[in-house]
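Structure first, commentary second.
The values are calculated or read from the model by the stated rules, or taken from the named source; none is laboratory data. Values in this document were obtained by computation on a predicted structure and should not be read as measured data. Every residue, glycine as well, gets a Cβ built from its backbone with ideal geometry; the counts of neighbours run over all protein chains shown. Side chains included, ligands, DNA and RNA excluded: accessible areas come from the protein's heavy atoms. Shrake-Rupley method; radii C 1.70, N 1.55, O 1.52, S 1.80 Å.
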Amino acid sequence: MWRLGALLAVVLAAGACADAVPGVATGPAATSSSAAPVDAVPPGLDRFYAQQLSWGSCLPFATTDDDRLYYQQPGFECARLEVPVDYANPAGRTAQIAVSRVRATDPNQRIGSLLVNPGGPGASGVSLSSQLAILTRGDEVARRFDLVGFDPRGIGASTPTIRCLTGPEQDAQRAADITDPSPAGVQRADDLARQTADGCAQKSGVDLLANVGTRDVVKDMDVLRAVLGDRKLTYLGFSYGTRIGYTYAEQFPQNVRALVLDGALDPNLDPTVEVVNQGRGFQGAFEAFAKDCATKPGCALGTDPTQATARFQQMTRPLIQAPIRLPDGRVLSYNDAQQGTIQSLYATSLWPDLRQGLTELAQGRGQTLMGLADQYYDRSPDGTYSPQQDAFTAVRCVDDPRVTDPAQALDRAERYNEAAPFLDSGRGASSALDSCAFWPPQAPVTGGPHTPQVPGLAPPLVVSTTGDPATPYQAGVDLAKALNGSLLTKVGDQHTATFQNFPCVDAIVTRYLVDGTPAPPNARCGETG
């Protein structure tokens, strides 16, 4: 899953500070805002573009304890934006998009709104904006822009919400063995994938599933732009959020003021190539972690980084047949050990947790790796899950071409094992299909690989990190070239970099957002940024 792991890790650390978030502040009183007149409203959408937002407390939008803490910060206000579920039928069923705002602190110098999206797909933009409000507090961006987050349709606090599996069903799927390449094992894995697809159709409804893709999210974003009173869009998208950014540019090129695209998805890549490239990225991040771990006392991977992949395989593969039972009665499966490791590779700030988790694993314990896996899947201690994982599946299944041929699935699995050997189970590749292969036909694919053609687009700024495990560096290079934008290279091993305490990155991004100044030729920020 593409996600803004580095930023979340930084914010969690900030949340531990006593003065990071004033936890006793009350939400703002409800206020209304009117939309400014907008040119060229798409036919049939006048009432949506002309609506008013009623701003109030964000606490009713909170879905976790962390949300409830961050959403109480002074000036953080929320509203709901009404949009059609199906833009081809604007008179039909509607959806309510959760929107947040922190006003610019210098109204006299205010430029407009800065819309943000954290990626996923499936992550909450309202939650992200509550965290960015802390990270950018006092900065020029906070002084000159209203910081606006939104939960894309079907996600987070937006309604209707995508739901596919119950908490116990997700627990059971995580504990299941999906590595068996035998015919019986493939059938079991296919049954689990079909269970997810059927659950999405039953719990969410095919009308919602047919309209949750990026194609429709950007239409919502243009409605929001207009309702906020902005003639043109200023946008910051991370990871999958870069796809939202360049798709918006394709549909509404005349409405773009500035786009910052950090952790790019290459729109040209076949999804299989993209997945394999991501596997290669995680292998690189794992090797960087192993090299660092080897310098620390008691590293469970040993002191020779060249042997780290083999050592990791030796430690994790036994979990296939013998998961570790935890004190709370749950078991650490092979899948959860892998996902907990992957979660830690999104940000170097999580490497100490991974070292601890691997040390525990060598001792036959699994609490830390399970906790990291729970972070990845967004599972609460009470056993409930956010809709993030369900939304990730649903959006991906309509955004990208589906693999329905077992031979193609086998080829993809073989190539992934070659690209990321530390995640290879040693049992051989499986031809099992994923949930998209069983997706309801009433929710067809609405996207696919292509080269964006946006003549006259205001040049975007693309930020790409050399050792990004989830969205490889070259994708950013290619996207900047395709959109005729400028490229900012960040040296490091984390996923994304903007507003994450890298001064060099933030200075260049800020100048672009405020003045439209592109990154200098061959712009490069070091590891400390």
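In this structure, does ALA258 turn out to be under 27 Å from VAL509 (Cα atoms) and at pLDDT 95 or above?
So ALA258 fits the description; yes.
Looking at PRO327, PRO297, PRO305, which is the one that is touching a residue at least 12 places away in the same chain (Cβ under 8 Å) and farther than 16 Å from PHE422 by Cβ?
Of the residues listed, the single one that is touching a residue at least 12 places away in the same chain (Cβ under 8 Å) and farther than 16 Å from PHE422 by Cβ is PRO327.
Among THR510, THR517, which is the only one that is surrounded by fewer than 16 Cβ atoms within 10 Å (Cβ to Cβ), touching a helix residue (DSSP H, G or I) at 6+ places or on another chain (Cβ under 6 Å) and at pLDDT 95 or above?
So the residue among THR510, THR517 that is surrounded by fewer than 16 Cβ atoms within 10 Å (Cβ to Cβ), touching a helix residue (DSSP H, G or I) at 6+ places or on another chain (Cβ under 6 Å) and at pLDDT 95 or above is THR517.
If only one of ASN277, ASN268 is of a type outside the set (Lys, Arg) and within 30 Å of PHE312 (Cβ to Cβ), which one is it?
ASN277
Only residues that are assigned to a helix (DSSP H, G or I), under 29 Å from ASP434 (Cβ atoms) and open to solvent by 30 Å² or more (accessible area, probe 1.4 Å): list them for the range 269-308, please.
VAL273, VAL275, ASN277, ARG280, GLY284, GLU287
I'm trying to understand the selection: among the residues of the range 474-496, which are within 13 Å of LEU457 (Cα to Cα) and either of a type in the set (Gly, Ala, Ser) or under 19 Å from the mean Cα position of the chain (by Cα) (or both)?
Within the range 474-496, ALA480, ALA482, GLY485, SER486 meet the criteria.
Checking THR341 against (1) surrounded by fewer than 20 Cβ atoms within 10 Å (Cβ to Cβ); (2) β-branched (Val, Ile, Thr); (3) part of a helix (DSSP H, G or I): exactly one of these is not met. Which one?
For THR341, the failing item is (1).
Can you tell me which residue within the range 309-324, out of those that are not small (Gly, Ala, Ser) and not in a helix (DSSP H, G or I), is farthest from THR348 (Cα to Cα)?
The qualifying residue farthest from THR348 (Cα to Cα) is GLN321.
Would you pick out the residues in the range 54-94 that are in a loop (DSSP other than H, G, I, E, B), under 22 Å from VAL218 (Cβ atoms) and touching a Pro at 6+ places or on another chain (Cβ under 9 Å)?
VAL85, TYR87, PRO90, ALA91, GLY92, ARG93
Filter the range 476-507 for residues that are open to solvent by 10 Å² or more (accessible area, probe 1.4 Å) and in a helix (DSSP H, G or I) and give the result.
Across the range 476-507, the qualifying residues are VAL477, ASP478, LYS481, ALA482, PRO503, CYS504, ASP506, ALA507.
Can you pull out the helices (runs of 4 or more DSSP H) entirely within the range 360-465 that have at least 3 residues that are open to solvent by less than 30 Å² (accessible area, probe 1.4 Å) and closer than 21 Å to GLY120 by Cβ?
Once the helices (runs of 4 or more DSSP H) in the range 360-465 are filtered for at least 3 residues that are open to solvent by less than 30 Å² (accessible area, probe 1.4 Å) and closer than 21 Å to GLY120 by Cβ, what remains is 367-377, 388-399.
Return yes or no: is THR316 over 19 Å from the mean Cα position of the chain (by Cα), open to solvent by less than 10 Å² (accessible area, probe 1.4 Å) and more than 16 Å from GLY371 (Cβ to Cβ)?
yes
Determine whether THR466 is of a type in the set (S, T, N, Q) and under 21 Å from the mean Cα position of the chain (by Cα). It would help to see each step written out before you state the result.
On the way: of a type in the set (S, T, N, Q): yes; under 21 Å from the mean Cα position of the chain (by Cα): yes.
Here the answer is yes, as THR466 does meet what is asked.
Can you tell me which residue is nearest to THR309 (Cα to Cα) among those in the range 371-420 that are among the polar types (S, T, N, Q) and in contact with an Asp or Glu (Cβ under 7 Å, 6 or more places away or on another chain)?
Looking at residues that are among the polar types (S, T, N, Q) and in contact with an Asp or Glu (Cβ under 7 Å, 6 or more places away or on another chain), I get ASN417.
For the range 166-175, enumerate the residues that are open to solvent by less than 50 Å² (accessible area, probe 1.4 Å) and free of Cβ contacts under 8 Å to residues at least 24 places away in the same chain.
GLN173
With ILE178, ILE134, ILE97 as the choices, which residue is of a type in the set (Val, Ile, Thr), in contact (Cβ under 8 Å) with a residue 40 or more places away in the chain and in a helix (DSSP H, G or I)?
Checking each option against the conditions leaves just ILE134.
Restricting to the range 343-384, and then to whatever is of a type in the set (S, T, N, Q) and under 18 Å from PRO327 (Cα atoms), can you tell me which residue is nearest to the chain's Cα centre (by Cα)?
Once the filter is applied, the top-ranked residue is SER380.
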